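Let me begin by presenting the structure, written as structure tokens, before commenting on it.
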Amino acid sequence: MKKILLIIILIAIGFGVYGYLVQPAGDITPPAMEERMDEEIMDTEDEMTVEDTEEETVTISYTDLTPEEAKALIDENPDLIIIDVSPHYDNGHIPGAINYYIGDGSLDEAIPTLAPEAMYLVYCHVDSASIGGAQALIDAGFENVYRLEGNYAAWVDAGYPVE
């Protein structure tokens, strides 16, 4: 009789453990663990929101153009503003270009007078100045900014007109 009672108790314990392990998915976790998991999920959701916001941040930058692409841009956009940021403007420049020398602050002084919605092509005789000039426009909130890759020398080497 004791053996039968022991077997019944073991079977009952076995069913209890089995029932606990195979409960429906929503009931598996003890209440104390559910609270911790809820807090972790909330923390994860907050982190996801921050990450999602950061991913949605759009970085605006200028676009480098080859001389051929720059020539096409000039030909197709009569309102394009061409800015030479070099101190060598008087030695030759792209036709229609205006000179705002970056080294003496002329570009910085001109930026508030320029239309942010207009399209700009920036070039120089050296990369550092043209990169700085294009970036200055971007930093001021301009969105349609292009930079002549290879600068003035590449333009001349391509055989395009100069003034």
Scanning for something free of Cβ contacts under 8 Å to residues at least 60 places away in the same chain and assigned to a helix (DSSP H, G or I), does the stretch 97-104 turn up at least one residue?
no
Which ones in the stretch 114-142 are surrounded by fewer than 18 Cβ atoms within 10 Å (Cβ to Cβ) and either of a type in the set (S, T, N, Q) or outside the structural domain of Glu69 (by TED's automatic domain parsing) (or both)?
Ser128, Gln135
Give the stretch 65-123 a look and list any residue that's within 15 Å of Ala134 (Cα to Cα), of a type in the set (Gly, Ala, Ser) and more than 25 Å from the chain's Cα centre (by Cα), or say none.
Ser86, Ala97, Gly103, Gly105, Ser106, Ala110
When you go through Asp108, Asp157 one by one, which is the residue that is farther than 14 Å from Ile82 by Cα, loosely packed, with under 14 Cβ neighbours inside 10 Å and free of Cβ contacts under 8 Å to residues at least 60 places away in the same chain?
Asp108
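Looking for whichever is more than 16 Å from Glu163 (Cα to Cα), of a type in the set (Gly, Ala, Ser) and touching a helix residue (DSSP H, G or I) at 6+ places or on another chain (Cβ under 8 Å) here; the options are Gly103, Gly96, Gly92. Which one fits? Working first, answer last.
Numbers: Gly96 fails: more than 16 Å from Glu163 (Cα to Cα); Gly92 fails: more than 16 Å from Glu163 (Cα to Cα).
Residue meeting the stated conditions: Gly103.
The values are calculated or read from the model by the stated rules, or taken from the named source; none is laboratory data. The shown structure was predicted, so the numbers you read here are calculated from the model rather than taken from an experiment. Backbone-built Cβ (ideal geometry, glycine too); neighbour counts: all protein chains shown.
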